[in-house]
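Encoded as structure tokens, the structure appears first; notes follow it.
Each reported figure results from applying straightforward, stated rules to the coordinates on display, with no laboratory input. Everything numeric here is computed off the predicted structure, so don't read it as measured data. Every residue, glycine as well, gets a Cβ built from its backbone with ideal geometry; the counts of neighbours run over all protein chains shown.
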Amino acid sequence: TTALGGERVMRRLGWASLEEMGRALLGEPRQAVLLTQRGDVVLADTGLGFGICTGASAVGMAPEGLVTVPLTSCRLAWPT
């Protein structure tokens, strides 16, 4: 789906933001992002949206393909 299509689905389900969606689907995030472990779901501030922690970085899909961002650019993380 497109970004616009994703936003429409989120609104239809009552979520105003990716953070709200993450909390609804994944529960409460970790207290500190830097405690994130490999395989945990993260929410990045870089426009990446949701990604997966791979250690000191996170990987996720973006319009340009697979993108890697530093873990320090992630603001929330959920244990898996």
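Length gained on full extension, ARG11 to SER73, computed as 0.36 nm times the residue gap minus the Cα-Cα distance: 19.8 nm. For segment 14-25, putting each phi into the Karplus relation 6.51 cos²θ - 1.76 cosθ + 1.60 with θ = phi - 60° gives couplings of x, 9, 8, 8, 5, 4, 4, 5, x, 5, 5, 8 Hz, in residue order, rounded to whole numbers and with x for Gly and Pro. Each of THR46, THR36 has some number of other Cβ atoms within 10 Å of its Cβ, and from fewest to most they run THR46, THR36. Taking R0 as 22 Å, what's the FRET efficiency between ALA3 and ARG38 from their Cβ-Cβ distance, rounded to 0.05? Once the sixth-power term is evaluated, E becomes 0.20.
Label-to-label distance for ASP45 and LEU18 is 1.3 nm, based on points extended 7 Å past Cα in the beta-carbon direction. When you filter the GluC sites (Glu not before Pro) in the chain for DSSP loop state and at most 11 other Cβ atoms inside 10 Å of their Cβ, you are left with GLU64.
Close amide-amide hydrogen proximity is noted between THR36 and no other residue 5 or more places distant or on a separate chain, at a cut-off under 5 Å (H modeled in the peptide plane; Pro and chain starts excluded). One quarter of the surface of the convex hull around the alpha-carbon atoms of the chain equals 5.0 nm², the direction-averaged projected area.
With θ taken as phi - 60° and the Karplus curve 6.51 cos²θ - 1.76 cosθ + 1.60 applied, the whole-hertz 3J(HN,Hα) list for segment 44-52 is 8, 8, 8, x, 5, x, 7, x, 10 Hz, x standing for glycine and proline.
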